[in-house]
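The values are calculated or read from the model by the stated rules, or taken from the named source; none is laboratory data. Note that the structure is predicted; figures quoted are calculated from it, not measured. Note that each Cβ is placed from the backbone with ideal geometry, even for glycine, and that neighbours are counted across all protein chains shown.
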Amino acid sequence: MLNRRDFLKGSAFGIAGITGAVALAGCASAPQGQQSAAQNPTDAGAEERTGLQATAEAAQNTEARKVSLVEFEADVAPKVTETKECDIVVLGSGAGGLGAAVKAAQLGAKVILLEKGSELGGSTNGTEGMFGWGSSLQHETDGVELPLVAELIQDELTYSNYRIDAALWNRFINASGKSVDWLRDLGYQFDRVDVYKGQISAFKCYHWWTEEKGSTMIAHLADVAAGLGVEIITQAPGVALMTEDGKVAGAYAHNVADDSYFAVKAKATIVGTGGFGLNNALIEQLTAWDMTYGTTRSTGTGDGVIMAEDVGAGTYMTSILPRTAVEGYTVYDEIAIGCCDNPLLFVNENGDRFMNEGTYVTSYMALYVNSIISQKRAYTLLDQAMIDRFMSGEGILSGWRKYKAGAQLPEFQSQLDECLSSKRGNVFKGDTVEDLAKAMGVDPANLKATVDRYNKLCTDGFDEDFLKGAEFLIPVQTGPFYAVRQDPSVTNTIGGLDVNYNNAVVDVNGEAIPGLYCVGVDACKLYKETYNYAMSGGLVGYCLYSGLNAAEHAYEEALA
């Protein structure tokens, strides 16, 4: 993927040239994508799309982004149709971006928010709640005993081998309850505060969204933004940052609706474009992960990171929020729920069992994926009896979002069959275990020995090999048999741009770049290597915290 730094080097315009071109452009009508905040839908129904639809949308979006970059390099000046002005411009409408826009407007700033997609919220829509310590809701709820902040930080230090910024964690945790209260003061109602998924979360600090959907919070903030006069323009991805006298002075955006460009001059710019899970080049550059593909929403191509780098921003080694998926499907599809989110029998490329498959249930995705990627390939093995159970019997053993334990998967068999007929090479079938092994390309005798050993453990009711819980020890013995490859994938990236404690973007020397801030996942420096679900909701909690933090400091810089 072409990055903006490369094309600007060879461009006849460059940032300075573009600034001059925009200054000569007359004011035209507002971009066609412009709407009031109240009119903007959120991405609430995104999880209902099929995997093939989501994959196609992501590919189309990424290709459109490449085309717009080429157009921007070649002939942007004639396409700049309008110059808008405001105090603060925000790029992105997740918890960080939309939170920043509302907070800045509350302080009295004139705010314009640019959203790349047609809907607001980004990946925040797919969350179920947020972390908060010391919130009013916790104090109102019986049975909530708050740990010391130092205890929470120590838990993170131990988990991450002391490779984190404890001072940043201290700031975040102490402010997290105030972030919750800020939403409540705006009229948003949380469902409850509790632990996350029972044994996964170590503390009663998880504040569940209404209906357990982040889209409800985004919709509420959008209504608040409308009431405060925030101008929200959808289908308007930022393509470059404007600079003036050594300071970031706004952004240029592509109006997808009519393929034109417009400028937004601002006293401060807040970037919150939601990660780069669909940009393999950036993932390779900024992380130590080798992912098969992204399962994030189709706007996550790293626009904010690239734009900020072009004006001298430093980058920060990132991690990712990983999970496994089945190629051709989203993580919300039944084949992924059944094969990636259930503690069945997992084997590697040699047909050997290699882990406690119940790790997903006890520690959720991060540690579970670490185990999966320790192998060259990983497969879920299941028999027809398990398929029948999932479809019309007792249901699944575990899941997420709307798929709770006991939920049925009526489309599970048809999705398995579709994968088989597509010949993607990620689903295999055999009338016997030996036939399945031949289809997979593994040694039949070895796979048969693995299944026999597993079935004995199930009969004994104790997993002496990997200590999987007895409730998940269900034998694999009724043909036909299936193997489904689990592919490591990116739910989202964590980090990317280097920021200081004010969420101001800094250069490679650690000096703040005047007028530029970053919020959300692109600014998150809390984690190293592996996300900690014991402090569940920490990432989206940070996104909102960073938005409020950046808005306050941007307002002080721009208007105070």
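Listing for the model above:
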item: Any hit, the stretch 440-450, residues being over 30 Å from N125 (Cβ atoms), hydroxyl-bearing (S, T, Y), touching a strand residue (DSSP E or B) at 6+ places or on another chain (Cβ under 9 Å) and in a helix (DSSP H, G or I); result: yes
item: Subset of the stretch 235-286 [of a type in the set (S, T, Y) and under 17 Å from A313 (Cβ atoms)]; result: T243, Y252, T269, T273
item: Search result, residues across the stretch 238-250 that are assigned to a strand (DSSP E or B), over 24 Å from the mean Cα position of the chain (by Cα) and either farther than 15 Å from A104 by Cβ or not assigned by TED's automatic domain parsing to the domain that holds E115 (or both); result: M242, T243, E244, K247, V248, A249
item: Residue, surrounded by the fewest Cβ atoms within 10 Å (Cβ to Cβ), within the stretch 464-496, restricted to residues that are more than 30 Å from the chain's Cα centre (by Cα) and not in a loop (DSSP other than H, G, I, E, B); result: E471
item: Scan of the stretch 263-281 for residues that are buried (at least 24 other Cβ atoms within 10 Å of the Cβ), more than 21 Å from A109 (Cα to Cα) and either out of contact with any helix residue (DSSP H, G or I) (no Cβ under 6 Å at 6 or more places or on another chain) or among the aliphatic types (A, V, I, L, M) (or both), ordered by number; result: G277, L278, N279
item: Some residue of the stretch 227-237 being of a type in the set (S, T, N, Q) and in contact with a Leu (Cβ under 9 Å, 6 or more places away or on another chain); result: yes
item: Test: residue in the stretch 537-553 that is surrounded by fewer than 24 Cβ atoms within 10 Å (Cβ to Cβ), closer than 18 Å to V111 by Cβ and in contact with a strand residue (DSSP E or B) (Cβ under 8 Å, 6 or more places away or on another chain); result: yes
item: Any hit, the stretch 403-420, residues being more than 18 Å from I337 (Cβ to Cβ), in contact with a Leu (Cβ under 7 Å, 6 or more places away or on another chain) and among the hydrophobic types (A, V, I, L, M, F, W, C); result: no
item: Complete set of residues in the stretch 251-291 that are farther than 17 Å from A512 by Cβ and part of a strand (DSSP E or B); result: A251, Y252, A253, H254, N255, S260, Y261, F262, A263, V264, K265
item: Residue list for the stretch 309-329, restricted to those being over 17 Å from F276 (Cα atoms) and either assigned to a loop (DSSP other than H, G, I, E, B) or out of contact with any Asp or Glu (no Cβ under 9 Å at 6 or more places or on another chain) (or both); result: V311, G312, V326, E327, G328, Y329
item: Verdict on K456 being among the charged types (D, E, K, R), in contact (Cβ under 8 Å) with a residue 40 or more places away in the chain and more than 21 Å from W133 (Cα to Cα); result: no
item: Wholly within the stretch 153-237, strands (runs of 3 or more DSSP E) carrying at least 1 residues that are at pLDDT 95 or above and farther than 29 Å from S398 by Cα; result: 231-233
item: Selection count where residues are surrounded by 15 or more Cβ atoms within 10 Å (Cβ to Cβ) and closer than 12 Å to Y482 by Cβ, scope the stretch 409-436; result: 14
item: Positions within the stretch 368-400 being part of a helix (DSSP H, G or I), at pLDDT below 95 and closer than 23 Å to L436 by Cβ, in sequence order; result: S371, I372
item: Flag for S489 being under 30 Å from F428 (Cβ atoms) and either touching a residue at least 40 places away in the same chain (Cβ under 8 Å) or not hydrophobic (A, V, I, L, M, F, W, C) (or both); result: yes
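Residue-by-condition table, conditions (1) within 22 Å of K448 (Cα to Cα); (2) aliphatic (A, V, I, L, M); (3) in contact (Cβ under 8 Å) with a residue 40 or more places away in the chain:
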site	(1), (2), (3)
P343	yes, no, yes
V347	yes, yes, yes
G351	yes, no, yes
V361	no, yes, yes
